[in-house]
Structures are given as structure tokens and as C-alpha cells.
Amino acid sequence: MTRTVSTNPYSDQKPGTSGLRKKVPVFQQKNYAENFIQSIFDSLDGFEGQTLVIGGDGRYYNREVIQKAIKMAAANGFGRVLVGRGGILSTPAASHVIRKYKAFGGIVLSASHNPGGPTEDFGIKYNVGNGGPAPEKVTDAIFARSKTIDSYRIVDAPDVNLDAEGSHQVDDMTVTVIDPVADYAELMESLFDFDAIRKLIAGGFRVVFDAMSAVTGPYAKEIIEKRLGAPKGSVMNFIPLPDFGGHHPDPNLVHARALYETMMAPDAPDFGAASDGDGDRNLIIGKSIFVTPSDSLAMLAANAHLAPGYAKGLAGIARSMPTSGAADRVAEKLGIGIYETPTGWKFFGNLLDEGLATICGEESAGTGSNHVREKDGLWAVLLWLNILAARKESALEIARKHWATYGRNYYSRHDYEEVDSDAANSLITALRDKLAALPGTSFGALTVDTADDFSYHDPVDKSVSKNQGIRILFKGGSRVVYRLSGTGTSGATLRVYIERYEPDPARHDLDTQEALADLIAVADEIAEIKARTGRDQPSVIT
Ligand code: G16
């Protein structure tokens, strides 16, 4: 039986870079999750009788919100819900399930790489029928609705048993609990040469994958150990835990330090990788080499034709604006399109749907392709393995040859986390005010060529997204980019992206921070980072 429950709106339900992310106690406030879910449904048209996919990364509060979402979907008129067993669906798997079963859309419960637990982060994101995150016009409508909502609809029904596959009736709606891994594993097998990877591994090539006690554990166990034959134990931390074992499930050099150290040791395995809370990010570390996400995008694009799923070549490459220009050089050589979008995977959706881009990537450890409409951590790992199997060279050799061919884009991101929001906002405002005066100004050997606040004109739907990051481009191709994170949940996070292009192979073995030292100093001088944030150094350097 459907109930209409009166509620009061909350003013802070504005989706960020990727859905609504808040601390668990915020989501536990009366009707907070219900309001947001009803605001999603109220912003959509035509889902009567259609399918909704629901799943999450298994973090604390996942199961509770899944039960609410199921009962609300029934009350709002969906015909069917597909939900992952245990409430689990990695973000890329959810995207695939939406596409495969022609669902109307999906609700993905995750705060990605942010920590989980009773006082940590939770998130709700809506994905549309192409399997990708809702575009801005939809998230804007959801936010607008959340500010005026006065009731939500829910059926009175017992909780669905999420732990066994099978179908149940909730009022007039069918709920099917599905295997969260099977469809995704089959998709991966259709894209990559599993025989070649199996042979590589059988020949003694050692792979280690850190699932960071997050959602990719079951996926990586099935694919890397079971289907590709890596020995038991190759997948570490494979049980998804509600608090990720107390760690940040963020695959970067800070939070995946142990993996990094393993890969730098003299007896290191051949290939190391990790993925994040919800399985869409990746970290790639070859024996003795960390491959930056920007370089990984360029190297994957340059070699993708070695995998069966991409043997016909790529239509184009897309990267977010702060991602380094390494991929641009590959696109140029291949004679294919390159697209520069704002941060946020949602901006790739139109390019993928229109067939303009095949592979996309972001500096924030996200890479993916037109196989789904989300970035995909395991996909990147498998494409690397396929390339390694085909080229019979190490990751280090592949990287060296790549730089020798295209030049090297030294690249680093400096994050200042939990900065006072007012200080961060005024830093950005002050930078914006300076932009017009910067071109022509010199800082030591560096002279500013152009400076702007990035605006994106979507070539497909013609929408315009303004204020997407401040770029300062220097003569010779170096640049500094500043933006505030749209995924943090406490204070503000200032991200500073620093890049320098080095064509000379004799200078491809420098330490990245040293290679960028002059730009790092200028980045501070122009934005007055230390003075305005009160921080002597970044919280995280990647
Ligand atoms: C989300 C988006 C990504 C984006 C990243 C960084 O990632 O899906 O497309 O690059 O945020 O966002 P920000 O710099 O605003 O923190 P995820 O993995 O958190 O979903």
C-alpha cells in the first residue's frame, strides 16, 4: 500500500561533481534520503512501468537506503527494480546493467573514494538510460525540486532479502536480485584477449591488485584470479567492508602506499593496480614505475588497437581539462579527434553516445571507454594487461618508448584539503580578478601566454558550462590549473594541477616534483596559496 508522507525540504541537496555526497549523519536526518530520492523521481518523466537499477559500493548505510529506494520506486510506479546481490554494484557494473537491460535509469549509492562508516561519507547519484551520470540539466532539476519538496511516496512492505538472487514482488513492482559480477565479467571478456593474458600469467608474470576492501573485490577475484588464472592472493583486500577497513579507498600514492612500496622493491611483481570505493578509478604501477593517470590515458589510447574490442581503432579521445595534454599528442598522431571537457564523467556522455570519442580519461584516476558510460577501474587494468601481453614488454619499457615518441608531460596535482570554504572561495575570486592582467607577465623564466576561466561548449547538445577551472598557460606549453573540488564533504579542497612538456628524451628521467619546481613556486605566487589557506604544503601530492 502506498503512503504519501509529508516532509520539509532541505536546502543543501545540490549534487556535486558526481551526485549528492554528505556525511552519514546528514543522510540519517529525518527524510533526508527520501527527499532526495523523491526529488530524483519528480524530475523524471515517463518511467511508469520501466526498470530501475539500484546498487552501491557496500559502504555503511548502503543497505538501509537501498530498501528505502526500492519501496519508493514501487510507490512511484516503476515496473521493475534490478538490484545487485548484497546491495553491491560497482559504478561501472551499474552502468553496464542499465544499458544491457535497457533500464530507464539507475540509483548508484556511493561516495566513491571517500571514507565510509557511521561518521564518514555516503552518496546518492542518479544515472540516466545511457548508463551515465545525469547531465547538469537533470541534476539542476533535482536540486530545484529538493528545495520545494513537501511529500514523498513509499509503499509499506517488508524489506527485500538482498542476499539471495531471485525475484520478489513489492506491491505492483518486481524486484530481482541479480549477480553483481556476471554481466560485467562477460563484458570484459568480450573486449579483451583473455587467452593472451592467461598465457602471460601462466608464464610467470606476476599481477597484484588491491581492492582496498571496497567494491571491486568480488569482480577482481572472479576476473583476475578465476578467469585469468592469477594465483590465489593476487587480489588483496577483496572483501568489501562498510568502512573499507578504516582506510580511504582512494587509489593514489598516499592511500595505496603499501602497493607502491611493493612495486618499487627489487623483487616487485610485474604489475600492480588498485581501484577505489565504487570501482571506477584505477591506479597503475608497473615494476619500478608509477604511471600517472594522464599518461595512462595516453598510453592506453596509443595501444588500444592491440585489444580485440578496439582493434578497429578509436574514433576520438576525450579528457577533462585539468588532465595533461599527453593524450592530445596521441590523438594528433592517430589523426583522430581530441575533446577537452570540464571535470566530471557526465561531460563525456554525449561524446560517447555520438561516437565522437571512444576512450576518455581524467587526471583523477579515471579512464574508460564507450563500453559503459562511467569510468572503469578494472577495465583500465585489463586493457593494460592486454597491452602488456601483446607487446611482451614491461610497463616501464612501454612508458619510456611512449615518451621517446611523443615527449613527456611532467604532471602533478597538489591538493589542499579541508581548507576554510571562505578562504578557498576568495582565493578563486581573487584569481579570476587577476586573469585579464596576467598575459605577458613574467615570473622568472616563465611568461604567461593566456589565462582564463574554462568554459565548455558541448558540441552535441550545445549546452555551455562556465567557471570550470582557472587555467594559466605559459609560453612553451607549461600550465597551472586551479579549481575547487566538487566531491569533498568538509570544508573546501583546492586542487592545483601543474604540467610541463619535455620533448627531450635525455630529460625524461627527472623526479616529477623537481621537474615542476619552478611552476610550483609560481602557482603559489600567483594564487597566494600559502597566505590565503594558511597551509605550508599540500595535504596530498599525486
Ligand atoms: C568524480 C567524478 C569524476 C571527477 C572526480 C573529481 O569522481 O566522477 O569525473 O574527475 O569526481 O572531482 P573533484 O576534483 O571535483 O573532486 P568519483 O570517482 O569521486 O566519482
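Can you name every residue in region 360-371 that is under 26 Å from residue 483 (Cβ atoms) and away from the ligand (no atom under 13 Å from the Cβ)?
Matches in region 360-371: 369 only.
Where in region 1-59 are there strands (runs of 3 or more DSSP E), lying fully within it, with 1 or more residues that are more than 16 Å from the ligand (Cβ to nearest atom) and at negative phi?
The qualifying strands (runs of 3 or more DSSP E) are 2-6, 51-56.
Here are the criteria: (1) within 22 Å of residue 482 (Cβ to Cβ); (2) more than 12 Å from the ligand (Cβ to nearest atom); (3) of a type in the set (Gly, Ala, Ser). Tell me which single one residue 309 does not satisfy.
Only one criterion is unmet by residue 309, namely (1).
Going by the conditions given, is residue 474 among the aromatic types (Phe, Trp, Tyr), touching a Leu at 6+ places or on another chain (Cβ under 9 Å) and either in contact (Cβ under 8 Å) with a residue 60 or more places away in the chain or more than 16 Å from the ligand (Cβ to nearest atom) (or both)?
Spelling it out, residue 474 is indeed among the aromatic types (Phe, Trp, Tyr), touching a Leu at 6+ places or on another chain (Cβ under 9 Å) and either in contact (Cβ under 8 Å) with a residue 60 or more places away in the chain or more than 16 Å from the ligand (Cβ to nearest atom) (or both).
Going by what's in this entry, would residue 488 be described as within 16 Å of the ligand (Cβ to nearest atom) and not acidic (Asp, Glu)?
yes
Among the residues of region 390-403, are any in a strand (DSSP E or B), of a type in the set (A, V, I, L, M) and away from the ligand (no atom under 13 Å from the Cβ)? Walk me through how you get there before you give the answer.
The first filter runs over region 390-403 and keeps only residues in a strand (DSSP E or B), leaving none.
The answer is no, given that none of the residues of region 390-403 is in a strand (DSSP E or B), of a type in the set (A, V, I, L, M) and away from the ligand (no atom under 13 Å from the Cβ).
Among the residues that make up region 17-40, is at least one of them surrounded by 24 or more Cβ atoms within 10 Å (Cβ to Cβ) and at pLDDT below 95?
yes
Applying the selection to region 106-142, what residues are surrounded by 22 or more Cβ atoms within 10 Å (Cβ to Cβ) and either away from the ligand (no atom under 14 Å from the Cβ) or outside the structural domain of residue 27 (by TED's automatic domain parsing) (or both)?
106, 107, 142 - these are the residues of region 106-142 that are surrounded by 22 or more Cβ atoms within 10 Å (Cβ to Cβ) and either away from the ligand (no atom under 14 Å from the Cβ) or outside the structural domain of residue 27 (by TED's automatic domain parsing) (or both).
Mind listing just one residue for me: the one in region 42-53 that is surrounded by fewer than 24 Cβ atoms within 10 Å (Cβ to Cβ) and among the hydrophobic types (A, V, I, L, M, F, W, C) and, of those, farthest from residue 128 (Cα to Cα)?
Residues of region 42-53 surrounded by fewer than 24 Cβ atoms within 10 Å (Cβ to Cβ): 42-51.
With the extra rule that they be among the hydrophobic types (A, V, I, L, M, F, W, C), the set shrinks to 44, 47.
Numbers: 44: 10, 47: 11 Å.
In this case the residue turns out to be 47.
Please list, ordered by first then second residue, the pairs with beta carbon atoms under 9 Å, 6 or more apart or interchain, first in region 417-445 and more than 14 Å from residue 470 (Cβ to Cβ), second among the acidic types (Asp, Glu).
As it stands, the answer is 440/449; 443/518; 443/525; 444/518; 445/518, since those pairs meet every condition given.
The values are calculated or read from the model by the stated rules, or taken from the named source; none is laboratory data. These numbers were taken from a predicted model, which means no experiment stands behind them. Cβ atoms come from the backbone with ideal geometry, glycine included; neighbour counts cover every protein chain shown.
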